[in-house]
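Okay, so here's the structure we're looking at.
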Amino acid sequence: MANLTQRPADSYNPLYFLASLGAGGLSVSFFMYLMFWVPHPNQPVPIFEDILSAFNTGSAPMQAAIAIAVVGIAIFSFLNLKLLFWNLSQFSAFKKNDAYEKLKNSNGETTILAMPLAMAMSVNGMFIVGLVFVPGLWSVVEYLFPLALVAFALIAWMAFRLIGDFLGRVLSKGGVFDVTANNSFAQMMPAFAVSMSAVGFAAPAAMSTNPTTVAISLVISTMLGVVAILYTILAATAAISSMLQHGTAREAGPTLTVIVPIVTVLGIMFLRQNHGMHTTFDVHGAPGETMVFLARMLAIQVAFLALGFVVMRAQGYFNDYVMGTKTSPGSYSLVCPFVALSVMTHFFVNKGLVASGVFEKFSTGYIATSAIAIVFQVIAIALVVRLNKQHFAKSSAVAVPAE
């Protein structure tokens, strides 16, 4: 008779935190509709009252966009938290197994950094949920910023403790880090986690009117951002040497695109900081400078996305791990670059091209370039649906006769 097989996700790996991360990123990508299409003259981000007013008075396309955005935020925020809590529960059990000790004493120890990475994304996502669904939130937002800073500080502390454990182990004595197995960008997970805390720390700089809160936000987010950049450069340099000698680890192919979300996260951090410098400390930057800055960020992202997909296509990764029957928790890394490109494209179009006067909002050129961001978003959604089906759905298998 038939029996239900275990799901691939039942063989737990900390990289499954990336499933929560991807869902959280998609909720942010839907918020871009509201951020750039809904008027919000009284504060730097749209809030419940702005969204309701735009829906009641807007055209049919505006109403449709708001409806899609709100539903998308609700669905993927729920999925983000559901997968986060599932991961925390599974990770707690995983720590009691021998597999955890084996992981802690291998190159894969840095995969544990996916946990603070996903937690930081969830905090960012919950703030968006509050803006969209909670009436009157902006009236108490100055009291929420210190709480958010504390939350991100705790997450950053967790990340640095995990990084310290890893670096203390591999740098204090030789021979414990397998250089031949460093043939991917997997060691950039710590940089990704720190950068996510950095962008969270930068949020009050863009939204608060309290100079002390803004200053704290600017200084700490800058420190975290610099650390993330340094770690990214060092990890990438070490990995490229190994990849040139041994080729890219096939199952870790998606890590070649991890630069894409890191660039988006740090790019948003810089934009938030610039806004805070402008509104609080009267330091001004020209829109044209922002346009060129974002163009440079996009160039880096396109380059690494192309690199990753050239290698993965040559290795047949998509045929096996995305469209085929093989599964790897690292496949969830594929969601991040498309979400990141979608978000960065929205910023480039609105904060770069429109702000610089290249074309007007809702013109033909605007709609055409914004459509590129939506295409990236649709690809990310398709990947989430496909990967969740692969990793979390149970399938029936024919029982093997007893010997």
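Taking region 356-384 as the range and being surrounded by 16 or more Cβ atoms within 10 Å (Cβ to Cβ), touching a residue at least 12 places away in the same chain (Cβ under 8 Å) and assigned to a loop (DSSP other than H, G, I, E, B) as the test, only VAL358 passes. Listed by position, the helices (runs of 4 or more DSSP H) enclosed by region 233-349 that each have at least 1 residues that are surrounded by fewer than 21 Cβ atoms within 10 Å (Cβ to Cβ) and β-branched (Val, Ile, Thr) are 259-281, 287-315.
Inspect region 71-78 for any residue being within 18 Å of ALA380 (Cα to Cα) and more than 19 Å from the chain's Cα centre (by Cα) and give the result as yes or no.
Going residue by residue through region 71-78, those that are within 18 Å of ALA380 (Cα to Cα) are 71-78.
Those still in the list that are more than 19 Å from the chain's Cα centre (by Cα) too: 71.
There is at least one residue in region 71-78 that is within 18 Å of ALA380 (Cα to Cα) and more than 19 Å from the chain's Cα centre (by Cα).
Pick from region 78-101 the residues that are buried (at least 16 other Cβ atoms within 10 Å of the Cβ) and aliphatic (A, V, I, L, M): which of them is nearest to LEU26 (Cα to Cα)? Per the stated criteria, the residue is LEU79. Does VAL45 satisfy the condition of being in contact (Cβ under 8 Å) with a residue 24 or more places away in the chain, farther than 28 Å from ALA114 by Cβ and surrounded by 18 or more Cβ atoms within 10 Å (Cβ to Cβ)? No.
Taken residue by residue, region 156-173 has at least one member that is surrounded by fewer than 24 Cβ atoms within 10 Å (Cβ to Cβ) and under 23 Å from LEU271 (Cα atoms).
Condition check ((1) at pLDDT 95 or above; (2) assigned to a helix (DSSP H, G or I)) across all residues:
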{"position": "LEU18", "(1), (2)": "yes, yes"}
{"position": "GLY22", "(1), (2)": "yes, yes"}
{"position": "TYR33", "(1), (2)": "yes, yes"}
{"position": "ASN42", "(1), (2)": "no, no"}
{"position": "VAL45", "(1), (2)": "yes, no"}
{"position": "GLU49", "(1), (2)": "yes, yes"}
{"position": "LEU79", "(1), (2)": "yes, yes"}
{"position": "PHE85", "(1), (2)": "yes, yes"}
{"position": "LYS96", "(1), (2)": "no, no"}
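What about GLU109, is it among the charged types (D, E, K, R), within 24 Å of PRO204 (Cβ to Cβ) and in contact with a helix residue (DSSP H, G or I) (Cβ under 9 Å, 6 or more places away or on another chain)? No: the conditions fail for GLU109.
The values are calculated or read from the model by the stated rules, or taken from the named source; none is laboratory data. It should be emphasised that the depicted structure is a prediction, and the values quoted were computed from it without experimental measurement. Cβ atoms come from the backbone with ideal geometry, glycine included; neighbour counts cover every protein chain shown.
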